[in-house]
Amino acid sequence: MADERGAVLGLFERPEQVAEALDRLRAAGFGEHEVEILSGSPYPEGAFGEPPVRHKLYVFPFVGAACGFAVGLLLTIGTQLSFPLVTGGKPVLSIPPMINVLYEGTMLGAIIFTFLGVLFESRLPDFRPTPYDPRISEGYLGVVVRRTAGHAAEARAALRAAGALDLLPHAPAPEEEPYAVAAQH
């Protein structure tokens with residue numbers, strides 16, 4: 001089947017069912033990075049029993065600020081040494097004119113790295129094919145199980161046991177004949 005290497009989506013009506021599905025998927029051996037919850041409305045972090053997401057977003061502005069400061073320092077020192085303009089016996093490398101450029105370079109580096117950090121931590125853009133059902137926008141909850149190679153049957157069984165209303169991509173239930181479903185598509 002095509003979904004053996006892809007993902008399985010289970011639709012649920014209530015958050016309690018999603019929490020039970022996550023417990024059953026963990027018991028079946030699926031890791032936290034293989035399961036994703038889709039919802040049309042926001043739920044607080046940990047509402048379904050998932051562990052808190054640990055991010056490193058705070059590091060990006062500091063690294064960006066350091067890079068921006070270094071670039072600003074190299075730019076101002078390089079410019080003053082490349083084009084020395086001795087005025088009234090003042091030193092060629094003068095700190096007060098460098099302050100504005102250093103400040104702007106530091107801020108620009110921090111802003112650019114923060115933007116890139118948000119994209120990185122949000123895993124954007126996500127080009128992986130994700131099954132989706134329009135009913136999620138109507139209030140249903142979806143549980144996506146990714147990388148089900150060889151374990152799609154266990155994922156479907158865990159989602160069905162937790163009370164999934166529907167599974168996408170459609171696969172035959174244990175009591176159905178495989179050729180009957182293939183004929184419907």
> Of all residues in the stretch 32-44 being surrounded by 10 or more Cβ atoms within 10 Å (Cβ to Cβ) and within 16 Å of the chain's Cα centre (by Cα), which is farthest from Leu167 (Cα to Cα)?
Replying inline: Glu32
> On the given criteria, is Glu4 surrounded by 13 or more Cβ atoms within 10 Å (Cβ to Cβ) and either in contact with a Gly (Cβ under 7 Å, 6 or more places away or on another chain) or modelled with pLDDT under 85 (or both)?
Replying inline: yes
> Exactly one of (1) touching a residue at least 40 places away in the same chain (Cβ under 8 Å); (2) of a type outside the set (A, V, I, L, M, F, W, C); (3) touching a helix residue (DSSP H, G or I) at 6+ places or on another chain (Cβ under 8 Å); (4) closer than 30 Å to Pro134 by Cα is unmet by Ser41. Its number?
Replying inline: (3)
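Considering Ala21, Ala65, Ala47, which residue is within 27 Å of Pro134 (Cα to Cα), out of contact with any Asp or Glu (no Cβ under 7 Å at 6 or more places or on another chain), in a helix (DSSP H, G or I) and in contact (Cβ under 8 Å) with a residue 12 or more places away in the chain? Spell out the reasoning first.
Details: Ala65 fails: within 27 Å of Pro134 (Cα to Cα); Ala47 fails: in a helix (DSSP H, G or I).
Of Ala21, Ala65, Ala47, the one residue that is within 27 Å of Pro134 (Cα to Cα), out of contact with any Asp or Glu (no Cβ under 7 Å at 6 or more places or on another chain), in a helix (DSSP H, G or I) and in contact (Cβ under 8 Å) with a residue 12 or more places away in the chain is Ala21.
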> Looking at (1) assigned to a loop (DSSP other than H, G, I, E, B); (2) under 26 Å from the mean Cα position of the chain (by Cα); (3) outside the structural domain of His151 (by TED's automatic domain parsing), which is the only condition Leu93 fails?
Replying inline: (2)
> Can you name the residue in the stretch 130-177 that is β-branched (Val, Ile, Thr) and closer than 15 Å to Val35 by Cβ and, of all such residues, is modelled with the lowest pLDDT?
Replying inline: Thr148
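Given the criteria within 30 Å of Val144 (Cβ to Cβ), of a type outside the set (Gly, Ala, Ser) and not in a helix (DSSP H, G or I), does Pro84 qualify? Before you say what the answer is, go through the steps one by one.
Details: within 30 Å of Val144 (Cβ to Cβ): no; of a type outside the set (Gly, Ala, Ser): yes; not in a helix (DSSP H, G or I): yes.
So Pro84 fails the test.
The values are calculated or read from the model by the stated rules, or taken from the named source; none is laboratory data. Treat the numbers as computed from the prediction; the structure is a model and nothing was measured. Glycine gets a Cβ as well: all are built from the backbone with ideal geometry, and neighbour counts include every protein chain shown.
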